[in-house]
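Nothing in this text is a laboratory measurement; each read-out follows from the coordinates by a stated rule. Bear in mind that the values here come from a model prediction, so they are computed numbers and not experimental data. All Cβ positions, glycine included, derive from the backbone under ideal geometry; neighbour counts span all protein chains shown.
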Amino acid sequence: MVPERDHSDWIFLRGTSLPALSDSGDQAYTEIKEHMPIELTPENQRLIDDAIRSGAYSTPEQVIGRALEVLSLEDEWLRERRLAIDEKIARGLAQLDRGEGIPGDEARAALQSRKANFLAQQPTTR
């Protein structure tokens, strides 16, 4: 027998629709689509609470909705640039195969120097 669960800390997203899942024909997903219970980690609950306290959002649903919107935009950005990213990775691997790589300690030092130069050029705030 499965113990009864306390759902008081669950968030129900009304009318949530995730086409990638709903098109799969998953019966379990179809049954919970109208009210989707989500268990949050304490860290995620804290992030939602902080977002609401900031005044930018009024409800957990707004915070999660915005997070999903940003995730969708990021996924779209990656899809649009996937070929270019793959080409850059292939070019870099080919350079390594030809022995054109930079030793790790030299690369780290060069990045540290670039970072220090960048930070030195930034206006200070007090």
> Hey, among the residues in the stretch 63-107 that are of a type in the set (G, A, S) and surrounded by 11 or more Cβ atoms within 10 Å (Cβ to Cβ), which one's farthest from the chain's Cα centre (by Cα)?
Replying inline: G101
>> On the basis of being surrounded by 11 or more Cβ atoms within 10 Å (Cβ to Cβ), out of contact with any Lys or Arg (no Cβ under 9 Å at 6 or more places or on another chain) and of a type in the set (G, A, S), does A110 make the cut?
In response: yes
> Does at least one position in the stretch 49-60 carry a residue that is surrounded by 10 or more Cβ atoms within 10 Å (Cβ to Cβ), charged (D, E, K, R) and under 19 Å from M36 (Cβ atoms)?
Replying inline: no
